[in-house]
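Undergrad: Once you've had a glance at the structure underneath, I'll fire off some questions.
The values are calculated or read from the model by the stated rules, or taken from the named source; none is laboratory data. Predicted model, so just to flag it, every value in this text is computed and none were measured. As a convention, Cβ positions derive from the backbone with ideal geometry for all residues, glycine included, and neighbour counts pool all protein chains shown. Heads up: the accessible areas ignore ligands, DNA and RNA and are worked out on the full protein's heavy atoms, side chains in. Shrake-Rupley method; radii C 1.70, N 1.55, O 1.52, S 1.80 Å.
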Amino acid sequence: MRYEGAVRRSQSINKSIVNQIWNFFSSVRVGIYIILIILIVSIMGTILPQEHFLALTNPKAFYIEKYGVFGEIFYTLGFTRMYTSWWYKALLGMLLISIIIASLDRVIPLYRALKNQTVRKNKAFLMQQRIHTQWSTTADEIPYQLQKLQNAMKKRGYNVRQDAQALLAEKARFSRWGPYVNHLGLIMIITGALLMTSIPGWYLDKFMWVQEGEIKHVTGTPYYVKNERFTIDLYSEAELQKIKSENQSAVKRYQTDAILYEKVGEMPNGQPDLKQVMNHPMTVNDPLRYKKVRLYQADYKLSEWKNMCFSIINKKTGEKHGDFSVDLYNPEPSYELPNGLTVVIQDYFPYLSFNEDQEPINISSKPENPAFIFLIKGPEAPEGELSWAIIGTPLDEIHSENVYKANFKDLETVNTSGIKISMNKGMSIIWTGAAIFMIGIAMGLYWQHRRIWLCYEDGNVIMGAHTNKGWVGLRKEIMSIMKESGLHIPDDQLQLGGK
Amino acid sequence: MDTLQLSSILLLSAFIVYVLSSFAFIISITGKNWNKNWSKDRKSAHQSRWGTIGFALTLVGLLSQIGYIITRWLFDHYPISNMFEFITFLSLTIVISFTVIYSMYRLPALGAFVMPLTVIIFSYAYIFPSKVQTLMPALQSHWLIIHVSTAALGEGLFAVGFVAGLMLLLRKVDTSVTSKNTKWLEFTMYILLTVITFIVSIFSFTAAGYEAKFTELNPKTDEIQQVKYVLPPFIGPATGETLQVDSFLGISKPILKAPSWMEGMNAARKLNTMIWSLVTGGILYVLLRLILRKRLSQVASSWVSDLDEEVIDEISYRAIAIGYPLFVLGALIFAMIWAEQAWGRFWGWDPKEVWALITFLFYTAYLHFRLSRGWQGTKSAWMAVLGYLVVMFTLVGVNLVLSGLHAYSGV
């Protein structure tokens, strides 16, 4: 009934390789198996956490240590990066081929068949239908009966055609196109998803830390981001009291006031010439959007050391010679102070540590344990005096000869925003596909293609009816059509047919 | 009385009314056999009267629960953001789905199965803390409401599809003889019983003030933390010590320790809860078998013996067919739109996302089996039953067993 006897390519007898492949993928059974394989494989992928959520340096060791032999097998089979693996993509590719071929194989024959329907069907065909019935009438009576039935059918939205003493009433034929429409949507979604990561320049997914006040280049784009300010708002006392919550540290908002610049050229000094194109207070759920680029508030670091402030003191007189502030990320070579004092930075350790021989070494570029060796020159020490400055370590003893002392005064901190930058030029294909997919499944599932055939033969009217789903509903509808036309058919005579 | 109190009262009333409507539907289908002398008309009058009462009660409960949603929304936010709020919402969507399907088919027997399921799921919600909580930044979006409501509505319809599928199996399978089908039906009954004993146990032991405390190493922070059990500990944590175990039937310390690879925080407690439920469910099952001297499915099948197979089959399919597009829209498309907006990617293979995809694939297979391969009756009904298991795992199991971005609290 489905393809009305029209010949599908997959049913032709030609046995060339192309045809065999075509036949294989055109089978709905094969399609369902592919779906089930993807389903089972996907379930297996969720048994242990996927690698990309864990940020591991040595994933294999991690899985073995944490999950033992099972973890090792899981890792070795590649299940820890399943969804980006070639074979998972190959499964999706096979699903795609199955959808395309199975749809093409059916949609054209179906279109032809539905377009060229004959109104009059033979008696045997009608009696084979799952819903069928017959009643006797006279040749005089029949035109009136058909007219009444037609009216009742039209009232219910049927499109009715008459050919002599036969009727074909049809409704919601478009729902038959639902599967093909939704398959088209799926084809777009899967193609879009497979394409987006394969076409250069289509897809960008980066994460970067940007300090307050800093401007950073987004690699791979002409854009630069500035973090003006990062703030965390907590829920207020009143808001917490209202819901009787005691969670004082409940966060209400993470916000980065960001500015996006586009590089429009180069300045004479080699620096990029930036033009501000957008500014936006980014919060979670409210990214900065500019053209195809999106910037997301993704993470943060609070109160990281940024500037260290020192003041120079004359140890003998106790006289203060002024302050200077050192940017821990980008220290100046030297600092000029009043009264002819100069502080030269002889050495800088952002992260001071000591090696086996107790020599000072630096172990990281992150200023988390900063230390300086200053050379302080002044009127009383024209050659300069070397002076160590390590946070929290009194060093007066080793500097007992010195006149000047660099006193630690203050530490300025800065917040850092974790900004995620993404661009995906395949998105419009995916969203369009999703919309088409939705329309398709709604067409196919929320409407039913119903057909009722009637023909008069030798004193009997034979009626057969077919629907692609919802038999109970069709039966009810036919009952009410009959009733309205003044034809009483006992309930049990309207056969619903065997299974 | 403030809005919040009003809202809690409305919710509790809805729960009570759903219990009453369950009884009304059960009376409707079982009561007609109380008096053997009743004529056919008398029986059908009884059935339709109690069916109408049941449905009216359902509508009253539905209104009350909608009232709860509105008042709680007015008070602070649309109640859908933690386990308590979500599970109650899920029961609401089952009732809405039932209301839609019932008005199409008017089958009181459907109510006699759907409404008790609603009550079970509803009471499960009360296990979780019902307090209003602050919304974390990631949840502050209209998409929370749109995504969760639409997906839950689809899932509500899948629940009705499941119930009708189960009814069809009870109707079609000859439950008086031993067969593969009867065995699986009994297994389904047993699983439903474990859910019931699980919920009842938690409430009883909480009400009795039962407590067992252990220390456990939190693998994430490497700190020793305290774990509180609500249920008697068959299984203690893999690491750590026993602090206090209230005596229950002589159990004063854990019988076994959790296997060492189960080192996630609370993993042992979850395992204990599961084993407790399976054991007590088993005890209840055996007791019922002894009392009834029949298979449980045999008893349940007597409730559906006079139903038209074709109609139940269609109800199950219809519910799933209506639910499927809603599920796709809510759990996949709206989810993708929101994920793109909040996390900067429309799809990230988070366990919850994968399981939504698995649910989608499962029901896609169901529809293809049904529409293209002509699966109807028993096979398709089993798929409807199994499908709901997948749905429930996606909704609850993923949060409790797997980790990920959709974390809520868990028992």
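Undergrad: Expressed as a whole number of Å, what is the distance separating the alpha-carbon centroids of region A:114-153 and region A:26-40?
TA: 40
Undergrad: Using only the Cα atoms of region B:1-125, each taken as one equal point scatterer with no solvent, compute I(q) by the Debye sum, divide by I(0), and report log10 of the ratio at q = 0.11, 0.12 Å⁻¹.
TA: -0.40, -0.47
Undergrad: If you don't mind, another one. Tabulate in residue order the Karplus-calculated ³J(HN,Hα) for region A:169-182, using 6.51 cos²θ - 1.76 cosθ + 1.60 with θ = phi - 60°, rounded to whole Hz; enter x for Gly and Pro.
TA: 3J(HN,Hα) across region A:169-182, in whole Hz: 10, 9, 9, 6, 4, 4, 5, 5, 7, x, x, 6, 5, 5.
Undergrad: Can you bin region A:357-439 into rounded, prolate or oblate? Criterion: square roots of the alpha carbon gyration tensor eigenvalues sorted a ≥ b ≥ c, rounded for a/c under 1.5, prolate for a/b above b/c, oblate for the rest.
TA: Prolate shape, in that a/c is at least 1.5 and a/b is the bigger ratio.
Undergrad: Another one. Along the charge dipole of the protein assembly as shown, Cβ charges K/R +1 and D/E -1, which of B:THR93, A:MET482, B:VAL60 sits furthest on the positive end?
TA: Farthest along the dipole direction, towards plus: A:MET482.
Undergrad: Within region A:163-180, what residues put their amide N at less than 18 Å from the label point 7 Å along the Cα-to-Cβ vector of A:THR432?
TA: What the label zone holds, given the 18 Å backbone N cut-off, is no residue at all.
Undergrad: Let me ask you something else. Do the alpha carbons of any pairs in A:LYS89/B:LYS352; B:LYS180/B:LYS257; A:LYS123/B:LYS172; A:LYS89/A:LYS420; A:LYS60/A:LYS252; A:LYS206/A:LYS306 sit beyond 29 Å of each other, and which pairs?
TA: B:LYS180/B:LYS257; A:LYS123/B:LYS172; A:LYS60/A:LYS252
Undergrad: Return a whole-number percent for the relative contact order of region A:346-499, with Cα pairs under 8 Å and 6 or more residues apart as the contact set.
TA: The normalised contact order for region A:346-499 reaches 10 percent.
Undergrad: Here's another thing I want to ask about it. Among the aspartates and glutamates, select those whose C-alpha is under 16 Å from the C-alpha of B:LYS131, and discard any that sit fewer than 8 residues away in the same chain.
TA: The reachable aspartates and glutamates, counting only those whose Cα sits under 16 Å from B:LYS131, are A:GLU239, A:GLU246, B:ASP2, B:ASP76, B:GLU85.
Undergrad: Moving on to the next point. About the Cα centre, and with charges only on the beta carbon of Lys, Arg (+1) and Asp, Glu (-1), how big is the dipole of region A:218-370? Nearest 20 debye, please.
TA: Once rounded to the nearest 20, the dipole reads 800 debye.
Undergrad: Taking square-rooted eigenvalues a ≥ b ≥ c of the alpha carbon gyration tensor, is region A:153-257 rounded, prolate or oblate, where a/c under 1.5 means rounded and, failing that, a/b exceeding b/c means prolate?
TA: oblate
Undergrad: Can you give the extra length, in nm with one decimal, that the chain gains between A:VAL28 and A:LEU234 once fully stretched, where that is 0.36 nm per residue apart less the Cα-Cα distance?
TA: 68.7 nm
Undergrad: Measuring from a point 7 Å past the Cα of B:SER302 along Cα-to-C-beta, which residues in region B:188-205 have an amide N at less than 19 Å?
TA: Hits in region B:188-205 for B:SER302 at 19 Å: B:189-190.
Undergrad: Between B:ALA138 and B:ASN37, what's the calculated FRET efficiency when r is the beta-carbon distance and R0 is 60 Å? Round to 0.05.
TA: 0.40
Undergrad: If each DSSP helix of 4+ residues adds -39,500 (n - 2.57) and the sum is divided by the residues in the protein assembly as shown, what number results at 222 nm, nearest 500 deg cm²/dmol?
TA: -16000 deg cm²/dmol
Undergrad: Averaged per residue, what accessible surface does the protein assembly as shown expose to a 1.4 Å probe, in Å²?
TA: I get 47 Å² per residue for this part.
Undergrad: Express the relative contact order of chain A as a whole percentage, based on alpha carbon pairs under 8 Å and six or more residues apart in sequence.
TA: Taking the mean separation of contacting Cα pairs over the length of chain A, I get 21 percent.
Undergrad: With r as the distance between the Cβ atoms of A:LYS154 and A:ILE21 and R0 = 51 Å, compute the FRET efficiency 1/(1 + (r/R0)^6) and round to 0.05.
TA: Between A:ILE21 and A:LYS154 the formula returns 0.60.
Undergrad: Same structure, new question: About the Cα centre of region B:292-363, what is the dipole size in debye to 20, counting +1 per Lys and Arg Cβ and -1 per Asp and Glu Cβ, all else neutral?
TA: 400
Undergrad: Relative to the first principal axis of the alpha-carbon coordinates of chain A, what is the inclination of helix A:427-446, with its axis defined by its Cα atoms, in degrees from 0 to 90 and to the nearest 10?
TA: Approximately 30 degrees, to the nearest ten.
Undergrad: Which one, A:GLY440, A:ILE421, A:LEU341, is farthest towards the positive end of the dipole of region A:331-457 when Lys and Arg carry +1 and Asp and Glu -1 on their Cβ?
TA: Checked the options; the winner is A:GLY440.
Undergrad: With labels modelled as points extended 7 Å from the Cα through the Cβ direction, what inter-label distance (nm, one decimal) is found for B:SER44 paired with B:ALA207?
TA: 4.3
Undergrad: DSSP H helices in chain B with Cα extent of 15 Å or more along the helix axis and mean Kyte-Doolittle hydropathy at least 1.0?
TA: B:3-30, B:83-105, B:108-125, B:142-172, B:180-207, B:267-292, B:377-392
Undergrad: Distance between Cα centroids, region B:148-195 to region A:224-239: provide it in whole Å.
TA: Spelled out, the Cα-based centre of one part sits 50 Å from the other.
Undergrad: While we're here: Counting only C-alpha contacts under 8 Å and six or more residues apart, can you give the relative contact order of region B:257-411 as a whole percent?
TA: 20
Undergrad: What is the distance, in nm, between label points placed 7 Å from the Cα along the Cα-to-Cβ direction at A:VAL251 and at A:LEU36?
TA: 4.6
Undergrad: With a ≥ b ≥ c the root eigenvalues of the C-alpha gyration tensor of region B:76-215, is it rounded (a/c under 1.5), prolate (a/b larger than b/c) or oblate?
TA: Cα axes put region B:76-215 in the oblate bin.
Undergrad: Related question: Regarding the protein assembly as shown, what whole-number volume in Å³ per residue does the convex hull of its Cα atoms give?
TA: Measuring per residue, one finds 253 Å³ for the Cα hull of the protein assembly as shown.
Undergrad: Here is a follow-up. Just how many % of Cα pairs in chain A lie over 46 Å apart, if you round to the nearest whole percent?
TA: Beyond 46 Å sits 48 percent of the P(r) for chain A.
Undergrad: Probe radius 1.4 Å, ligands and nucleic acids left out: can you give me the accessible area buried at the B-A interface, summed over both chains, in Å² to the nearest hundred?
TA: Using a 1.4 Å probe on protein heavy atoms, the buried area is about 5200 Å².
Undergrad: Give the aspartates and glutamates reachable from A:LYS377 as a straight Cα distance under 12 Å; neighbours fewer than 8 places away on the same chain don't count.
TA: A:GLU336, A:GLU385
Undergrad: Report the gain in length on full extension from A:MET278 to A:ILE398: 0.36 nm times residue separation, minus Cα-Cα distance, nm rounded to one decimal.
TA: Between A:MET278 and A:ILE398, full extension yields an extra 37.8 nm.
Undergrad: State to the nearest 20 debye the size of the charge dipole of region A:93-226 about its Cα centre, where the only charges are +1 on K and R beta carbons and -1 on D and E beta carbons.
TA: Charge dipole of region A:93-226: 660 debye, to the nearest 20.
Undergrad: In addition: Of the options B:PHE360, A:SER16, B:ILE320, report the single residue whose Cα projects farthest towards the positive end of the charge dipole of the protein assembly as shown (beta-carbon charges: Lys, Arg +1; Asp, Glu -1).
TA: So the residue furthest toward the plus end is A:SER16.
Undergrad: Now for a different question. Points 7 angstrom from Cα along the Cβ direction at A:ARG289 and A:CYS309: gap in nanometres?
TA: 4.3
Undergrad: Could you work out what % of the accessible surface of the protein assembly as shown is carbon and sulfur, using a 1.4 angstrom probe and leaving DNA, RNA and ligands out of the count?
TA: 59
Undergrad: Mind jotting down the distance between the C-alpha centroids of region B:360-389 and region A:375-422, whole Å?
TA: Taking the Cα centre of each part, region A:375-422 and region B:360-389 sit 73 Å apart.
Undergrad: Contour minus end-to-end for A:ILE97 and A:ILE439, with contour as 0.36 nm per residue of separation and end-to-end as the Cα-Cα distance?
TA: Taking 0.36 nm per residue and subtracting the Cα distance, the gain is 121.0 nm.
Undergrad: When Cβ neighbours within 10 Å are restricted to other protein chains, what is their mean count per residue of peptide B:130-140?
TA: 5
Undergrad: Could you tell me the calculated FRET efficiency between A:LYS320 and A:TRP209, based on Cβ-Cβ distance and R0 = 30 angstrom, to the nearest 0.05?
TA: So, using R0 = 30 Å, E works out to roughly 0.25.
Undergrad: To test your reading of the geometry: what angle, between 0 and 90 degrees and rounded to tens, separates the Cα axis of helix A:471-484 from the longest principal axis of chain A?
TA: 50
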